[in-house]
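Asks: Before we start, here is the structure in question, set down as structure tokens.
Here, each number is a calculation from the coordinates, and none is a lab measurement. Computed from a predicted model, the values in this text were never measured in an experiment. Glycine gets a Cβ as well: all are built from the backbone with ideal geometry, and neighbour counts include every protein chain shown.
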């Protein structure tokens, strides 16, 4: 009920009156309108992230980056999108045409689905599911289906290798990511994203990041395995340019490739916003998100996006700093280091909560 | 603790430290170092031209100073690929340069003509932008009308 869908539903009922005929329509509108808005917002943000990626990489390499389209080249991503629309859309003769067409949309929709339970600060969450965190974990592993599908349907050995690698990688890194999110669930006692945000506070010592040393470690494990799950460097094995031409999307062209590209950058945003909401307090500024005024609610959104943008920039910064690992190093990193560490973090957090009666390391300050 | 166990924690420590080191370097370049890109064709900055970008002794298109040329044809003979064509005609007592063509599409910028020129009439300019729609445009005719050849010794006598 406490979500954007619920608020719109209440508004429509108050405006047009309650009736059995219109009731399902109101419910549908309540979910569809914010869904489309979030789709637009996430697509725009991922477009902007491609711009930031190019600009940051240019800054790191002492270049200038895109600066021709609009002020400081800010509309470069729009022009890139138009270019991709105008390109010829090629489907290889030997490809499995149905799966080939379907795959990009599965990848993109599984990314956008996770955005349903992301609390954008204040009351701006499409649906505050009481299994929100589990929903994110489940939905984000759906990407594998799309990657494998595109790799198999392309009928191309590079694409197939890329698809298989991404399956191996994403499934492996699901485990430490889920464990590190579970440490927070132990403290918060709920899976609902909005409640997890509300249980934290506005100041750093209220965040779950600094609740105890083990959540601190869990945060970094989540961020790094998030990098692996969204196929970013230093874990970009599925599309390693120097090994597989372009990985699972080798055979794609035109807007189908554009959809893959968009999904990749939307993934950065989604992963960063999960980390921001779960560990960094999300859009919490110490006020009730539902009862405070619209100005405070927008301030919450601003705080949330500031945190997310910082994490996104860190993701990009990591990409332009670190070289790609070897594939056996990637696997041993997951199975020999991350899984034991995240599992012990989970156990030790439980012990901590037992010993200190559920209080964090800064519980005296945070009161 | 066994050797394996020690190595396990050493690996973790090393991974964190080396990653931090690498990230610090890129952060320095990100925040501090300015861009060194030259935006070549259209945003070179005020008063700068493409010729200013190249070094002092750059070998660009060949340049002719007709007032210095004595019409000795040494550059024409020195050219290994015959891209220089000079015609000297005698009209009355005066010798005139009627043609001085350099085919820049053939020129390999070896500099033999510049070395051999006794008066320094043919030199390298800094011009390097030779893109054009027809290869004939690169055959540069340095003389539009006949010019009398320079006679440095004769001039000295008059003085």
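Asks: Where a ≥ b ≥ c are the square roots of the eigenvalues of the C-alpha gyration tensor, would you call region B:54-150 rounded, which needs a/c under 1.5, or, failing that, prolate if a/b is larger than b/c, or oblate?
Replies: It comes out prolate by the Cα gyration axes.
Asks: For chain B, with a Gaussian network of springs between Cα atoms less than 10 Å apart, report the residue from B:88, B:116, B:31 with the top mean-square fluctuation.
Replies: With Cα springs under 10 Å in chain B, the top fluctuation among B:88, B:116, B:31 is at B:31.
Asks: Next up: Tell me, what is the FRET efficiency for residue A:93 and residue A:61 to the nearest 0.05, using R0 = 56 angstrom and their Cβ-Cβ distance as r?
Replies: 0.90
Asks: Any chance you could check the Cα centroid distance between region A:192-247 and region B:1-40 for me, in angstrom?
Replies: 18 Å
Asks: Sticking with this one: Against the longest principal axis of chain B, how steep is helix B:3-31, in degrees 0 to 90 to the nearest 10, with axes from Cα atoms?
Replies: 40 degrees
Asks: Distance from the Cα centre of region A:71-108 to that of region A:265-295, in angstrom?
Replies: Rounded to whole Å, the Cα centres lie 31 Å apart.
Asks: Using only atoms on other chains, find how many Cβ atoms lie within 10 Å of each Cβ of peptide B:2-14 and report the average.
Replies: 1
Asks: If you take the square roots of the eigenvalues of the alpha-carbon gyration tensor of region A:103-164 and sort them as a ≥ b ≥ c, do you get rounded (a/c under 1.5), prolate (a/b over b/c) or oblate?
Replies: Verdict is prolate for region A:103-164.
Asks: Is chain A best put as rounded, prolate or oblate by its Cα gyration tensor, with a ≥ b ≥ c the root eigenvalues, rounded for a/c under 1.5, and otherwise prolate when a/b is larger than b/c, oblate when not?
Replies: The shape class here is oblate.
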